[in-house]
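Please read the structure below before turning to the comments.
The values are calculated or read from the model by the stated rules, or taken from the named source; none is laboratory data. Computed from a predicted structure; not experimentally measured. Note that we place each Cβ from the backbone using ideal geometry, even for glycine, and neighbour counts take in every protein chain shown. The accessibility values were calculated without ligands, DNA or RNA, using every heavy atom of the protein model including side chains. Shrake-Rupley method; radii C 1.70, N 1.55, O 1.52, S 1.80 Å.
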Amino acid sequence: MAGEGEEVYVAAIDQGTTSTRFIVYDRHAKPVASHQLEFTQHYPEAGWVEHDPMEIIDTVKVCMKEVVDKAKDGKCNVVAGLKAIGITNQRETTVMWSKSTGRPLYNAIVWMDARTSPVCRRLESELSGGRTHFVETCGLPISTYFSAMKLLWLMENVDAVKDAIQTGDALFGTIDTWLIWNLMGGVAGGQHVTDCSNASRTMLMNLKTLDWDKPTLEALGIPVKILPKIISNSEKIGEVAKEFPLAGVPISGCLGDQHAAMLGQLCRKGEAKSTYGTGAFILLNTGEEPTQSSHGLLSTIAYKLGPTAPTNYALEGSIAIAGAAVQWLRDSLGIIQTAAEIEKLAETVQDSGGIYFVPAFNGLFAPWWRDDARGICIGITRFTNKGHIARAVLESMCFQVNDVLSSMHKDAGEAGEVKSADGEFLLRVDGGATVNNLLMQIQADLLGSPVVRPADIETTALGAAYAAGLAAGVWKEEQVFAGLHKENTTVFRPKLDEAHRKKRADSWYKAVSRSFDLADLSL
């Protein structure tokens with residue numbers, strides 16, 4: 001443990017779907033300096049989403065440098081006092097690169113990219129277990145969402161990838177792997193590793209052994225030599241190389257973004273959180289045994305805080321489009337100028353006026369798993385205005401979260417969730433969209449349970465900092481879970497009566513069913 005007098009800091013790289021951030025925290029887990037940069041989204045074809053891996057590395061470098069400069073101006077000696085850096089990242093996004101040149105062999109294929117539908121259909125028809133063939137080992141159905149499908153597409157369609165695999169020059173990774181390899185020197189000595197939470201999202205890791213599953217690799221024809229080594233979420237991985245700011249600082253924590261948010265929200269067994277970002281992700285900590293879902297959820301890792309620490313598992317429901325629908329209103333339709341404006345616009349109406357919006361832009365994830373779904377807006381009349389549509393977009397996020405939580409209640413049962421002293425189930429929330437008070441109130445109303453928002457809504461970066469600080473000895477686990485970062489929370493309580501709530505849910509299900517089997521409309 002660090003001495004009370006000295007300046008002690010822990011930092012986090014938060015590499016998300018649309019932006020990269022670097023945040024430095026003090027010994028009390030309070031943010032002291034941060035910098036954020038958006039980067040380019042590439043859409044080469046309908047349903048395809050790519051990132052330039054080199055641009056992502058550049059944004060990390062710039063954010064680190066900017067924070068060092070800001071901290072100097074703020075009279076914080078971050079360079080001398082920084083004990084550890086944690087990494088959290090967009091998951092499932094897949095990168096293939098050359099071991100010898102360090103250059104990507106193709107753009108990163110982003111988690112929401114839907115180009116692998118034909119690969120999924122083929123495997124479902126070829127494998128004896130169909131869509132759920134691998135569920136028992138990896139906890140995941142065959143879906144465009146997961147890294148293995150993207151890797152197969154690259155192996156089948158990109159000559160540079162095929163050649164590099166043949167010559168032994170190919171490395172595969174999710175964004176955490178790509179970042180760590182580069183931060184530690186790349187071709188000059190970067191370690192090829194991934195943590196168990198990111199590995200659990202590839203479809204290739206055995207949930208019980210936390211190792212690559214040989215029968216799965218054989219069934220898919222994926223060579224183990226291209227895969228990184230799997231490590232825990234909290235251990236010293238290596239040090240930042242000299243070509244980056246903060247050279248020599250240990251990298252000692254790594255979690256996929258949703259797992260980091262779980263840790264940042266201090267979710268122990270039976271506690272759930274929902275993160276509202278580009279998508280929305282709801283996780284319930286199920287303790288030290290994986291729980292198989294029979295209601296369309298994923299079994300995954302929550303966190304493993306050290307090489308010999310017990311593994312906590314989770315049930316997860318992933319929603320592809322949440323905040324991205326607000327960006328669509330802003331960027332594609334021009335209905336709002338900034339994302340923050342949606343709250344004011346939605347407040348100009350009492351309700352959504354019978355409008356239901358299903359944001360199935362690239363299909364629907366949990367609990368539906370319909371990649372043939374497409375976005376719809378129904379119930380339109382001459383009475384409908386922009387305010388109704390804005391409100392329906394906000395409601396679509398909340399309805400989707402409800403669908404997932406309803407499945408969680410069924411899978412985990414009464415024993416699987418912790419209630420408050422008042423006997424209520426509390427939903428912890430975080431992520432950029434939670435600044436929207438109307439969204440949070442709608443969530444509580446449609447859910448029928450209180451919604452609890454922490455003072456620091458960036459719990460993803462905070463979770464990565466916790467993991468790194470634990471491994472570096474800045475904090476002890478009991479300190480973290482005792483609420484190291486105790487702040488005032490805001491609680492949103494439901495105001496809608498049960499009959500109205502049920503009617504709204506029934507109408508939502510009707511709308512969702514109308515979104516199915518529409519993928520061929522674009523042909």
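Below, the figures for the structure above:
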item	result
Any hit, segment 243-255, residues being open to solvent by 10 Å² or more (accessible area, probe 1.4 Å), at pLDDT 90 or above and assigned to a strand (DSSP E or B)	yes
Checking residue 410 against (1) at pLDDT below 95; (2) open to solvent by 20 Å² or more (accessible area, probe 1.4 Å); (3) touching a Leu at 6+ places or on another chain (Cβ under 7 Å); (4) not hydrophobic (A, V, I, L, M, F, W, C), the condition it does not meet	(3)
Criterion (at pLDDT below 95 and either loosely packed, with under 14 Cβ neighbours inside 10 Å or polar (S, T, N, Q) (or both)) met by exactly one of 168, 189	189
Residue match in segment 41-64 (condition: open to solvent by less than 50 Å² (accessible area, probe 1.4 Å), of a type in the set (A, V, I, L, M, F, W, C), more than 20 Å from the chain's Cα centre (by Cα) and modelled with pLDDT under 90)	no
Segment 321-354 - residue that is out of contact with any helix residue (DSSP H, G or I) (no Cβ under 9 Å at 6 or more places or on another chain) and touching a residue at least 12 places away in the same chain (Cβ under 8 Å) and, of those, surrounded by the most Cβ atoms within 10 Å (Cβ to Cβ)	324
Those residues of segment 357-377 which are small (Gly, Ala, Ser) and part of a strand (DSSP E or B), in sequence order	363
Residue pairs meeting the criteria (Cβ under 7 Å; at least 6 apart or on separate chains; first outside any loop (DSSP other than H, G, I, E, B), in segment 287-312; second open to solvent by 70 Å² or more (accessible area, probe 1.4 Å) and at pLDDT 90 or above)	311/288; 312/288
Enumeration of residues in segment 266-280 that are open to solvent by 20 Å² or more (accessible area, probe 1.4 Å) and not small (Gly, Ala, Ser)	266, 268, 269, 271, 278
Residue 345 vs. criteria under 26 Å from the mean Cα position of the chain (by Cα), outside any loop (DSSP other than H, G, I, E, B) and either on the phi > 0 side of the Ramachandran plot or not β-branched (Val, Ile, Thr) (or both)	no
Any hit, segment 97-106, residues being under 24 Å from the mean Cα position of the chain (by Cα), surrounded by 17 or more Cβ atoms within 10 Å (Cβ to Cβ) and not in a loop (DSSP other than H, G, I, E, B)	yes
Condition broken by residue 176, with the remaining ones in (1) open to solvent by 10 Å² or more (accessible area, probe 1.4 Å); (2) among the acidic types (Asp, Glu); (3) assigned to a helix (DSSP H, G or I) satisfied	(1)
Residue 117 among the small types (Gly, Ala, Ser), within 18 Å of residue 222 (Cα to Cα) and open to solvent by less than 50 Å² (accessible area, probe 1.4 Å)	no
Residue selected from segment 362-403 under the condition open to solvent by less than 20 Å² (accessible area, probe 1.4 Å) and β-branched (Val, Ile, Thr), by the criterion nearest to the chain's Cα centre (by Cα)	401
Yes/no for residue 444 being in a helix (DSSP H, G or I), over 30 Å from residue 22 (Cβ atoms), open to solvent by less than 30 Å² (accessible area, probe 1.4 Å) and among the small types (Gly, Ala, Ser)	yes
Matching residues, segment 193-209, being surrounded by fewer than 17 Cβ atoms within 10 Å (Cβ to Cβ) and in contact (Cβ under 8 Å) with a residue 40 or more places away in the chain	208
Looking only at segment 450-493, and only at residues there that are buried (at least 20 other Cβ atoms within 10 Å of the Cβ) and aromatic (Phe, Trp, Tyr), the one that is nearest to residue 268 (Cα to Cα)	466
Leading residue by the ranking (nearest to the chain's Cα centre (by Cα)) among those in segment 120-146 that are surrounded by fewer than 24 Cβ atoms within 10 Å (Cβ to Cβ) and polar (S, T, N, Q)	143
Residue satisfying all of: in segment 231-241; open to solvent by 30 Å² or more (accessible area, probe 1.4 Å) and either at pLDDT below 95 or touching a strand residue (DSSP E or B) at 6+ places or on another chain (Cβ under 6 Å) (or both); nearest to residue 64 (Cα to Cα) among these	239
Unique match (being farther than 19 Å from residue 283 by Cα and touching a Ser or Thr at 6+ places or on another chain (Cβ under 6 Å)) among 505, 511, 471	471
